[in-house]
Amino acid sequence: MPYPLYTAPLYVDQFPDRRSWFFAALAGLAIVAISVNLTRILEFPHLPARSAVTVARLVLILVYSIAALIPQPLPVLGAQLAVFTLATWYLEIKSNRRSIHARAQLGRPRFESMLESVLGEVQLLPFLVGAILLLAGHSSGYYCAAFGVLAIFIFSTLNIWVLLVEIMR
């Protein structure tokens, strides 16, 4: 049985280009925030990796938003989402390892580095679940990934705030 082509729901079709441009602009803002405070970021062993994974998460939602606009079978969209999510997850794991190792060096509380790690991992779970559902041909995977977009948007905005403002304290 051939898989149906994925088409975005009507309410999403009304603003797909704006959504993609918005995520591209947010990724650009993250890169600007990093470049403006690069000297300060490099003073902390865990912040370069945290900066990289913040940009990677934003690129993930940008790539997903663009890929979701392409009419294609659900399993193909699921495979694309799985590849990009796993690549981002790899960077997340590397960032978490640096954060945990830097904790003792910087005298950070264990809770702080563990919270940073757990929140980073949790943001990617909806994308992984969505990819699995899409690979299985279930359009509900789109909605799981949409939840991941919201989570990444919220937490990446907070990370950008840290990299732009809080780091200067």
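We did not get these values from a lab; they are worked out from the coordinates using the rules stated. The structure presented is a predicted model; accordingly, all values stated were derived computationally and were not measured. Note that each Cβ is placed from the backbone with ideal geometry, even for glycine, and that neighbours are counted across all protein chains shown.
Taking the Cα atoms only, what angle lies between the long axis of helix 110-135 and the longest principal axis of the chain, rounded to 10 degrees?
10 degrees
I need the shape label for the range 14-85. Rule: rounded when a/c is under 1.5, else prolate if a/b > b/c, else oblate, with a, b, c from the alpha carbon gyration tensor.
Numbers: a/c = 6.08, a/b = 1.95, b/c = 3.12.
The shape class here is oblate.
How high is the relative contact order of the chain? Use alpha-carbon pairs under 8 Å, at least six apart in sequence, and give a whole percent.
On the way: 183 pairs, mean separation 49.5, N = 169.
29 percent.
Is it possible to state the helix-based mean residue ellipticity at 222 nm for the chain, with each DSSP H run of 4+ residues giving -39500 (n - 2.57), the sum divided by total residues, to the nearest 500 deg cm²/dmol? What is it? Mind dumping the intermediate values first?
Numbers: 7 runs with 136 residues, N = 169.
One gets -27500 deg cm²/dmol as the mean residue ellipticity at 222 nm.
Put +1 on the Cβ of each Lys and Arg and -1 on the Cβ of each Asp and Glu in the chain; which of L29, A68, S139 then has its Cα farthest toward the positive end of the dipole?
Result: L29, furthest along the dipole toward the positive end.
Springs between alpha-carbon atoms under 10 Å, Gaussian network over the chain: tell me which of V32, V55, V129 tops the mean-square fluctuations.
Highest fluctuation among the options: V32.
Pick from V63, V118, V149 the residue whose mean-square fluctuation is largest in a GNM of the chain, springs joining Cα atoms under 10 Å.
Fluctuation is largest for V118.
Eigenvalues of the Cα gyration tensor times 5, then square-rooted: what semi-axes does that give for the chain, in whole angstrom, largest first? Working shown, then result.
On the way: eigenvalues 208, 60, 24 Å².
Semi-axes from the Cα gyration tensor: 32, 17, 11 Å.
If you fit an axis through the alpha-carbon atoms of helix 74-106 and take the longest principal axis of the Cα set of the chain, what angle between them do you get, 0 to 90°, nearest 10?
Value to nearest ten degrees: 10.
Mind pulling the angle between the C-alpha long axis of helix 16-36 and the longest principal axis of the chain? Nearest 10 degrees, somewhere in 0 to 90.
10 degrees
Can you tell which of L26, L77, L158 shows the greatest fluctuation in a Gaussian network model of the chain with Cα springs below 10 Å?
Top of the fluctuation ranking is L158.
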